[in-house]
Amino acid sequence: MRKTFPIIATLATVAAMPALAQDAPVDAAPAVSADVAYIFNTLLFLIGGFLVMWMAAGFAMLEAGLVRSKNVTTQLFKNVSLFAIAGIMYWLIGYNLMYPGEWTMPGVIGEIFSPKGIDAVGSGVADDGYSAGSDFFFQLMFCATTASIVSGTLAERVKLWPFMIFTVILTGVIYPIEASWQWGGGFLSEMGFSDFAGSTLVHATGGFAALAGAILLGARTGKYRADGRMQPMPGSNLALATLGTFILWLGWFGFNGASQLAIGSVNDAADVSRIFVNTNMAASAGAIAAVITTQLLYGKIDLTMVLNGALAGLVSITAEPLTPSIFASLLIGGVGGAIAVFVVPMLDKMKIDDVVGAIPVHLVAGVWGTIIVPATNPDTSFVTQIIGVVAIGGFTFIVSFIIWSILKATTGIRVDKEAEITGLDIAEMGMEAYPDFVQAK
């Protein structure tokens, strides 16, 4: 989401209605009526929002395919529950924490705990540029996406209730605060930091939260042998994982495209189209880079790496999908795809167990995509981008580590060994995803 707008304070001009995406104002475009601009901008938010919501299905399918069959039901439940939790928490306090980004302590509690309202029936105001409801709906989807990233990394050994408690805090407090620093008009926005649709604000944030949890949670039983070797634990269904990847790829057009935040002018419409093209090219390059890299490193192509390579390409281009040329988008996405391959064995050497590869894809590729923004966008600098990544990453990791530590010391965050061996579907939920098949223990 590019070009800062603190809630609906930064309004589209009546003539061109650019609705200001998130870092710098756009040039005036041929005039349309305020009503027409309002309608098109609102539709962009709504269509983009339900495409990003569809990504929840992508995460669910990807994770269900990459975990072992004895944990599939639990993983599906986590994806449904985190989305529902995000919806309520972002409405209850998250949105008001995020917009505006500069608030002071006097009276802040009252402001935060004033659940977000939407337009009254029949009360659209054309001069606002877009409806309040469409804005809230679109922003909520980004909040939910952040929580989805954590789910896959901690799969197969995290307790359900501690995970859901953490999701409440992540979606209601952690994400809204760090996102307010940029998209709410906070200090990073004032510094000139740029993250168009959230390579760091969404993806790396989810990755840092997942990393903190993975460190405290520990690896799955049997993942790392006493001799230091890593024991592969193949997923249950690569068809589902592939379907999930394509769903995410599709949803990303809403994620990046609608982050233009306006389609009420000729220039905005052209920019949204450009964003779609660059997003697709980066994903393609990420997948091909993973194909080549796995073939060279292992002598065979690894499908799971290719899927994550495409996703890493998408994450990489998310920080700036508008200004790059097609060739630059290919390079940015290609590097992201290679990152997804190289970081996995690095994590294994550190015995950090990331079941679905979310840390390489969302955290590391997200950082890469954010830092490389100045190569194509002259309105920011490498120093500013690094400061933003460090601020967001440091805040998210430290707070997440504290929350996970408290949960570990109180409720415990890991199932016992017997439950892990039996599978969380039986131990935590009492039902199996594939009851007609004998599961390998």
Here is a check on your reading of the model: is residue 238 of a type in the set (A, V, I, L, M, F, W, C) and buried (at least 24 other Cβ atoms within 10 Å of the Cβ)? no
Counting only residues in segment 187-200 that are surrounded by 24 or more Cβ atoms within 10 Å (Cβ to Cβ) and not polar (S, T, N, Q), the one nearest to the chain's Cα centre (by Cα) is identified as 198
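So is residue 171 over 18 Å from residue 98 (Cβ atoms) and surrounded by 23 or more Cβ atoms within 10 Å (Cβ to Cβ) or not?
When the stated conditions are applied, residue 171 does not pass them.
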Out of (1) more than 27 Å from residue 254 (Cα to Cα); (2) in a loop (DSSP other than H, G, I, E, B), the odd one out for residue 213 is which? (2)
So, residue 391, is that one touching a residue at least 24 places away in the same chain (Cβ under 8 Å), in a helix (DSSP H, G or I) and surrounded by fewer than 20 Cβ atoms within 10 Å (Cβ to Cβ) or not? yes
Select from segment 399-441 the residues that are part of a helix (DSSP H, G or I), among the hydrophobic types (A, V, I, L, M, F, W, C) and free of Cβ contacts under 8 Å to residues at least 12 places away in the same chain and list them in ascending order. 402, 406, 409, 419
Given (1) assigned to a helix (DSSP H, G or I); (2) buried (at least 24 other Cβ atoms within 10 Å of the Cβ), where does residue 262 come up short, assuming only one miss? (1)
Can you confirm whether residue 235 is in contact (Cβ under 8 Å) with a residue 24 or more places away in the chain and of a type in the set (Gly, Ala, Ser)? yes
Hey, can you tell me all the residues within segment 31-67 that are modelled with pLDDT of 95 or more and not in a helix (DSSP H, G or I)? 67
Suppose the filter is in contact (Cβ under 8 Å) with a residue 40 or more places away in the chain, aromatic (Phe, Trp, Tyr) and surrounded by fewer than 22 Cβ atoms within 10 Å (Cβ to Cβ); does residue 161 pass it? yes
Considering each of 392, 387, 372, 359 in turn, give the residue that is aliphatic (A, V, I, L, M) and closer than 12 Å to residue 317 by Cα. 372
Touching a helix residue (DSSP H, G or I) at 6+ places or on another chain (Cβ under 8 Å) and in contact (Cβ under 8 Å) with a residue 40 or more places away in the chain: is that true of residue 342 in this structure? yes
When residues of segment 293-349 are limited to those that are part of a helix (DSSP H, G or I) and of a type in the set (Ser, Thr, Tyr), the one modelled with the lowest pLDDT: 298
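The values are calculated or read from the model by the stated rules, or taken from the named source; none is laboratory data. Computed from a predicted structure; not experimentally measured. When we count neighbours, we look across all protein chains shown, and the Cβ atoms used for this are built from the backbone with ideal geometry, even at glycine.
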